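A short write-up of the structure that comes next.
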Amino acid sequence: MFKKLFSNIWTILDLLFFIAAAITFNCGGFYLGQIWGYVTLTLTFIIAGVIVEQIQVNKGGDA
């Protein structure tokens, strides 16, 4: 029971830390300039897409 609970908490923390890192990365890019901000947004979306595809492959979903 506790193992399942901690697993769920860890999954939520992973998601929250990814979102916090993405926000920090993108805000830092926009502080450097608008073009750099859009570059960081593009990189964030690419990384998020790769992560989602990897999760889908690991769970055996349709790709």
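What's the total number of residues in segment 16-63 that are at positive phi and modelled with pLDDT of 95 or more?
Taking segment 16-63 and keeping what is at positive phi, we get 33, 60.
Filter again for modelled with pLDDT of 95 or more, leaving 33.
Of the residues in that region, 1 qualify.
Do we find a residue being among the hydroxyl-bearing types (S, T, Y), within 14 Å of the chain's Cα centre (by Cα) and under 18 Å from V52 (Cβ atoms) anywhere in segment 3-24?
First, pick out the residues of segment 3-24 that are among the hydroxyl-bearing types (S, T, Y): 7, 11, 24.
Now drop any that are not within 14 Å of the chain's Cα centre (by Cα), which leaves 11, 24.
Of the ones still in play, those that are also under 18 Å from V52 (Cβ atoms) are 11.
Yes, some residue in segment 3-24 is among the hydroxyl-bearing types (S, T, Y), within 14 Å of the chain's Cα centre (by Cα) and under 18 Å from V52 (Cβ atoms).
Scan segment 34-41 and tell me whether some residue there is in contact (Cβ under 8 Å) with a residue 12 or more places away in the chain and either part of a helix (DSSP H, G or I) or among the β-branched types (V, I, T) (or both).
yes
Find all pairs meeting these conditions: Cβ atoms under 7 angstrom apart; at least six residues apart or on different chains; first residue within segment 42-56 and outside any helix (DSSP H, G or I); second residue surrounded by 12 or more Cβ atoms within 10 Å (Cβ to Cβ).
From segment 42-56, no pairs qualify.
The values are calculated or read from the model by the stated rules, or taken from the named source; none is laboratory data. Since this is a predicted model, take the numbers as computed values, not measurements. All Cβ positions, even for glycine, are placed from backbone atoms using ideal geometry, and neighbour counts span all protein chains on display.
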